[in-house]
Structure formats: C-alpha cells, structure tokens
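What follows is a short report on a single structure.
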Amino acid sequence: DTGVSQNPRHKITKRGQNVTFRCDPISEHNRLYWYRQTLGQGPEFLTYFQNEAQLEKSRLLSDRFSAERPKGSFSTLEIQRTEQGDSAMYLCASPTESSTDTQYFGPGTRLTVL
Amino acid sequence: GENVEQHPSTLSVQEGDSAVIKCTYSDSASNYFPWYKQELGKGPQLIIDIRSNVGEKKDQRIAVTLNKTAKHFSLHITETQPEDSAVYFCAASMEDDYKLSFGAGTTVTVRA
C-alpha cells in the first residue's frame, strides 16, 4: 500500500455519460500527478498539480477532460461525454515529503466505456 | 518531450537465472530514472530508482545501472523467482516538473 488511494476502482459507463474519479494522495505533499494507461502500454502523463494550481496539461487531455484539486488535498478527474477511446486505467501519483522526484502510484481506476 | 524506449517487450527466463531490461532516453536533461513493477489490475509499484549523479545502485536481487553519456539505463534481476513475473516499466523525469515519461514495458515470465 503506497498511501495513495483512488475511487472508484472500476467504472463502467455508456458512451456519452460523464464520469468523475477521485484521488487522495500521500498526505501533506504539494504535488499530484494524473496518468492514463491503455492496455499493453506504459502510463502517459495527463496533468499535474502543485497545491491547488494545475501547472501543466498534456495534449492528451482534450476539452472533455477537467481536473481539479481544491484546497491542495484530494483531486478529481472528470470526463464529459465519454467516448469508447477513453477506456483506460487512470492512475494518480504522489511524491513524498522526503523525495520530491519519487512518485508513488495509487491502484488506479479502470474505466470501461460501452 | 522526452522519449523512452524499452527492450525487450517480452522476456522469459528460467527460475534462478538473471533478467536484464534495457532502456534509452532522448533528453540529456533527464536526471531521475525509476523502475516500476506492475501486476495485473494493480498500479505500478516502485522497485528501484537511480539519479544521474550515480552510475549503479543495488537492492538485494535488483540492480540498476546508468550510462549518462550513452543515455541508457538497465535493470538487472538476479536469481529470479516466480513472484518476479510481472510487467516492468522504466521511466525518466527532469528536475523542472518531475513528470514521468515511461517506456512501453517488458513482460517478464519466470518459468519454474
């Protein structure tokens, strides 16, 4: 257990529906990262936060995606009008106080869009 | 952006033998190189990492080497055991934002 939790662990939705995922990082660290992993591939960077500020967004993050981190604690990732191509594992990662460059991943949320 | 290539994509070894996975990176500014192990249905688990000021690091049966000049780094697993069977990913990041760029992964199978 890395101390990073994600909910839900699995989500099945119909195309066109909106979904929201939550990440609770290792406490008291100011950075939080989101990645997406499709079957047979390595994780790909989506976005990251420093405290509540979203500092960078990958071009993978279309306008249908939005992420927030209110109060610099937990983070949410919302996908609007889901498409079948959004089916993937969405991973959240957090460093620790002792090592800023080391990222510990949560268990992920597996999204299936029918 | 950073491009990380990983080889081989699959690796089958006899229990007790060694396994070696190699990665190359493109951006000389990268200075942190972690390795993750991922089991089915789980998130990636950090197993070892190395920073650019070090050429080699070892932790029990696992070791990582880094060649900054050639821009490549390798994972070595000795005395492999069935529980080492998993997908292994290399990654690289830079000091400005620490975002990770991953290789495509290596599926390691340890035959009993």
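The values are calculated or read from the model by the stated rules, or taken from the named source; none is laboratory data. Values in this document were obtained by computation on a predicted structure and should not be read as measured data. Positions of Cβ are backbone-derived with ideal geometry, glycine not excepted, and every protein chain shown enters the neighbour counts.
Is it fair to say B:T69 is of a type in the set (S, T, N, Q), farther than 19 Å from B:A104 by Cβ and assigned to a loop (DSSP other than H, G, I, E, B)? Yes, satisfied. The residue that is surrounded by the fewest Cβ atoms within 10 Å (Cβ to Cβ), among those in segment B:72-81 that are of a type in the set (V, I, T) and assigned to a loop (DSSP other than H, G, I, E, B), is B:T78. Taken over segment A:80-97, the criterion of being part of a strand (DSSP E or B) and under 16 Å from A:G42 (Cα atoms) is satisfied by A:A88, A:M89, A:Y90, A:L91, A:C92, A:A93. Among the residues of segment B:89-108, those identified as not β-branched (V, I, T) and not in a loop (DSSP other than H, G, I, E, B) are B:F89, B:C90, B:A91, B:A92, B:S93, B:S101, B:F102. Suppose the filter is within 10 Å of the chain's Cα centre (by Cα) and away from every other protein chain (no Cβ under 12 Å); does B:T65 pass it? Considered against the rule, which asks whether it is within 10 Å of the chain's Cα centre (by Cα) and away from every other protein chain (no Cβ under 12 Å), B:T65 comes out as yes. Screening A:S27 against (1) of a type in the set (S, T, N, Q); (2) buried (at least 16 other Cβ atoms within 10 Å of the Cβ); (3) modelled with pLDDT under 95 leaves a single unmet condition, (2).
Taking (1) within 20 Å of A:F105 (Cα to Cα); (2) away from chain A (no Cβ under 14 Å); (3) buried (at least 21 other Cβ atoms within 10 Å of the Cβ) in turn, B:D84 satisfies each apart from (3).
Take segment A:49-101 and flag every residue that is closer than 26 Å to B:Y32 by Cβ and of a type in the set (K, R). Listed by number, the residues that qualify are A:K57, A:R59, A:R69. Any residue in segment B:35-49 that is farther than 23 Å from A:D1 by Cα and of a type outside the set (V, I, T)? The answer is no, given that none of the residues of segment B:35-49 is farther than 23 Å from A:D1 by Cα and of a type outside the set (V, I, T).
From the list A:T100, A:T112, A:T47, the lone residue that is at pLDDT below 95, assigned to a strand (DSSP E or B) and of a type outside the set (G, A, S) is A:T100. A:G42 passes every criterion in (1) part of a loop (DSSP other than H, G, I, E, B); (2) surrounded by 16 or more Cβ atoms within 10 Å (Cβ to Cβ); (3) at pLDDT below 95 apart from (3). For the criterion of being more than 10 Å from chain A (Cβ to nearest Cβ), farther than 30 Å from A:H10 by Cα, out of contact with any helix residue (DSSP H, G or I) (no Cβ under 7 Å at 6 or more places or on another chain) and free of Cβ contacts under 8 Å to residues at least 60 places away in the same chain, B:G16 fails. Just one residue in the set A:L32, A:L114, A:L55, A:L77 is of a type in the set (A, V, I, L, M, F, W, C), within 14 Å of chain B (Cβ to nearest Cβ) and touching a residue at least 12 places away in the same chain (Cβ under 8 Å); that residue is A:L32.
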